[in-house]
Ligand SMILES: Cc1cc2nc3c(=O)[nH]c(=O)nc-3n(C[C@H](O)[C@H](O)[C@H](O)COP(=O)(O)O)c2cc1C
Ligand SMILES: [Mn+2]
């Protein structure tokens, strides 16, 4: 068993689930509350026009994710990397109607789909897990795609050129998909990961949770879904009907460009009793966590092989946990700083700025990083710029073609530098009772 309900029980027991009993609207109200809740998990039990409930900010930070997976926080990357290398097969049960409380013609107007930001085109499903089969094999690809309803049983969905789009092309422009909503954080993480084409994410998730994942075949579509999903929509993703998608506020908090995108025509809608609809606030911390962590993993795996002296990496929150990375290292030879920077760019195409610092600098502390730039960096030696490289379509300053310029700042000291000139002077230790008697005493 690996369900959202079981996970919410755990949160409730820890006092980490806040119930909102007052009637709330899916239009702006829930999004605004999630925004102001500062990452507390909110469970809306009285949602206007919906019989079930809505949960949001479910897994807003690494600490919560680590605890959901029962993995120590500082082992998170290692554990995910191992699960990706050693996935665990998942048994798939045949379709059983008893798993669902209702199985109906799709009607998206029955779901509490949120409208998030004032300029958004309309309500958007933001955390639906799409399963689609690789045409070459048995495995299933998972991905998150945002979806804008364009009718009772149809959505337009943003599909960035990655595996799902490749599958769609190879399948001749139409492919069976299922969209699962209301999932355990392990599945949300798995869905956000980017294993190589052909490797499905279900096995990775199952390895991460010690074999607890259970899947079930769909009724009509040739894909499987988590048995514990709260809501499942079965349908066909199609590039034969393309529709304008957006405006929509995405990861960076800015409006993503409006583009012609593929549609999904749904055939069946399955729901649990009082189904819990999962909401995710675009550009919120939870969004940044699930977008950033897979990139961090790719960078970490890449650097481990190429620059053994690398100690820590950190994706900054100002860079949406996606575009900017700080890497700390112990250099073995001069040039390691720049090699680390170039390897980061190679590992994650979205990166736009990488700063390399020595290992005595804490990459998670922006003040320290800036201090390293102020005291150890010289632009004529340490600056790298690359032009005309593939970047992230989420950066509004990148060109229409998605090309961008990238900047690396090597703030590491030369190997033979006289380190005594670059460390902070030590403040002499004085007895703490002396401090408190002189400074903390009132009056
Ligand atoms: C909350 C969230 C929303 C996302 N929205 C989209 C989206 O709308 N379109 C998209 O192409 N990728 C989106 N992504 C990223 C992909 O889901 C992710 O990169 C995935 O691994 C790509 O899958 P694929 O390589 O299997 O196609 C989103 C990720 C998260 C965590
Ligand atoms: Mn995938």
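Observations on the structure shown:
- When region 115-152 is filtered for residues that are without any contact (Cβ under 8 Å) to a residue 60 or more places away in the chain and more than 10 Å from ligand 1 (Cβ to nearest atom), the ones remaining, listed by number, are 122, 135, 138, 149, 151, 152.
- Some residue of region 164-172 being within 16 Å of ligand 1 (Cβ to nearest atom), more than 27 Å from residue 68 (Cα to Cα) and part of a loop (DSSP other than H, G, I, E, B): yes
- Out of 205, 130, 175, one residue alone is buried (at least 22 other Cβ atoms within 10 Å of the Cβ), within 14 Å of ligand 2 (Cβ to nearest atom) and farther than 20 Å from residue 91 by Cα. It is 175.
- Cross-chain or 6+ apart pairs with Cβ under 8 Å, region 184-198 first and farther than 17 Å from residue 213 by Cα, then within 12 Å of ligand 2 (Cβ to nearest atom) and assigned to a loop (DSSP other than H, G, I, E, B): 194/162; 195/201; 197/134; 198/134; 198/139
- Boolean, residue 210 is more than 16 Å from ligand 2 (Cβ to nearest atom), under 24 Å from residue 301 (Cα atoms), surrounded by fewer than 16 Cβ atoms within 10 Å (Cβ to Cβ) and at pLDDT 95 or above: yes
- Some residue of region 192-201 being crowded, with 24+ Cβ neighbours inside 10 Å, under 19 Å from the mean Cα position of the chain (by Cα) and at negative phi: yes
- Of all residues in region 145-162, exactly one satisfies the criterion of being within 11 Å of ligand 2 (Cβ to nearest atom) and buried (at least 20 other Cβ atoms within 10 Å of the Cβ), namely 145.
- Every residue from region 353-398 that is closer than 15 Å to residue 313 by Cα and part of a loop (DSSP other than H, G, I, E, B): 359, 360, 361, 362, 363, 364, 365
- When restricted to residues that are surrounded by 14 or more Cβ atoms within 10 Å (Cβ to Cβ), in a helix (DSSP H, G or I) and under 23 Å from the mean Cα position of the chain (by Cα), region 83-109 contains 2.
- Answer from 159, 155 - the residue that is within 14 Å of ligand 1 (Cβ to nearest atom) and not in a loop (DSSP other than H, G, I, E, B): 155
- Qualifying residue in region 349-358 (condition: touching a strand residue (DSSP E or B) at 6+ places or on another chain (Cβ under 9 Å), surrounded by 15 or more Cβ atoms within 10 Å (Cβ to Cβ), touching a residue at least 12 places away in the same chain (Cβ under 8 Å) and over 17 Å from residue 299 (Cα atoms)): yes
- In region 275-291, the condition of being within 20 Å of the chain's Cα centre (by Cα) and within 16 Å of ligand 2 (Cβ to nearest atom) is met by at least one residue.
- Summed over region 67-84, the residues that are without any contact (Cβ under 8 Å) to a residue 60 or more places away in the chain and out of contact with any helix residue (DSSP H, G or I) (no Cβ under 6 Å at 6 or more places or on another chain) give a count of 6.
- Residues of region 193-215 satisfying the condition of being part of a loop (DSSP other than H, G, I, E, B) and within 13 Å of ligand 1 (Cβ to nearest atom): 193, 194, 195, 196, 197, 198, 199, 200, 201
- Subset of region 367-385 that is surrounded by 15 or more Cβ atoms within 10 Å (Cβ to Cβ) and in contact (Cβ under 8 Å) with a residue 40 or more places away in the chain - its residue that is nearest to residue 418 (Cα to Cα): 376
- Flag for residue 412 being within 25 Å of residue 341 (Cα to Cα), in a loop (DSSP other than H, G, I, E, B) and touching a residue at least 60 places away in the same chain (Cβ under 8 Å): yes
- Qualifying residue in region 155-177 (condition: in contact (Cβ under 8 Å) with a residue 24 or more places away in the chain, within 23 Å of residue 394 (Cα to Cα) and in contact with a helix residue (DSSP H, G or I) (Cβ under 6 Å, 6 or more places away or on another chain)): yes
The values are calculated or read from the model by the stated rules, or taken from the named source; none is laboratory data. The structure presented is a predicted model; accordingly, all values stated were derived computationally and were not measured. Note: ideal-geometry Cβ built from the backbone for every residue, glycine included; neighbour counts use all protein chains shown.
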